[in-house]
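Working notes, beginning with the structure itself.
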Amino acid sequence: LAGLWTVFTLGGVGSKPSPQLEQCSPLANQSLLLLLVLANLTDAPDTPNPYRQAIMSFKNTQDNTAFSASNPHAFQINFNSLYTALCEQQKSDQATLLLYMLLHQNGNVRTYVLARTDIENLV
């Protein structure tokens, strides 16, 4: 889970945005690219893609509702930290693609972002 958190925070919340993300945080960049590839693999006929299932269903750490028993890949992440990291890294194509994927596939993230009063930071 710590490795996945690193991917989502793109090298850590509070890091300075850089036009050369690959040079300032190559591990975070490569991890994000790997996550994007894994999450977009085609589902097998009898088994859905577990990476896509995890991306589609993770919840905010502030959400105390129970996880669905039908999704063994569910986890929680701090949406405020994720939002801050995505705002800081929007010059990165990879971060923008992650944001796009989260907004379209994860209703929890979409609801959180739409409820923010500082959405102009993301745009």
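Within this structure, Ala95 fails the test of being farther than 19 Å from Ser31 by Cβ and surrounded by 13 or more Cβ atoms within 10 Å (Cβ to Cβ). Given the condition open to solvent by less than 50 Å² (accessible area, probe 1.4 Å), within 13 Å of the chain's Cα centre (by Cα) and not β-branched (Val, Ile, Thr), answer yes or no: does some residue in segment 116-123 qualify? No; the residues of segment 116-123 include none that is open to solvent by less than 50 Å² (accessible area, probe 1.4 Å), within 13 Å of the chain's Cα centre (by Cα) and not β-branched (Val, Ile, Thr). Checking the structure you have, find out if any residue of segment 17-33 is at pLDDT below 65 and among the small types (Gly, Ala, Ser). Yes - at least one qualifying residue is present in segment 17-33. If you check Leu82, Leu103 for being assigned to a helix (DSSP H, G or I) and open to solvent by less than 30 Å² (accessible area, probe 1.4 Å), only one passes: Leu82.
For segment 35-50, the set of residues classified as assigned to a helix (DSSP H, G or I) and under 16 Å from Tyr100 (Cα atoms) consists of Leu35, Leu36, Val37, Leu38, Ala39, listed by residue number.
The values are calculated or read from the model by the stated rules, or taken from the named source; none is laboratory data. Small disclaimer: the values here were computed from a predicted structure and weren't measured. So basically every Cβ, Gly included, is an ideal-geometry build from the backbone, and we count neighbours across all protein chains shown. Each accessible area value is taken on the protein alone, full model and side chains, heavy atoms only, with ligands, DNA and RNA left out. Shrake-Rupley method; radii C 1.70, N 1.55, O 1.52, S 1.80 Å.
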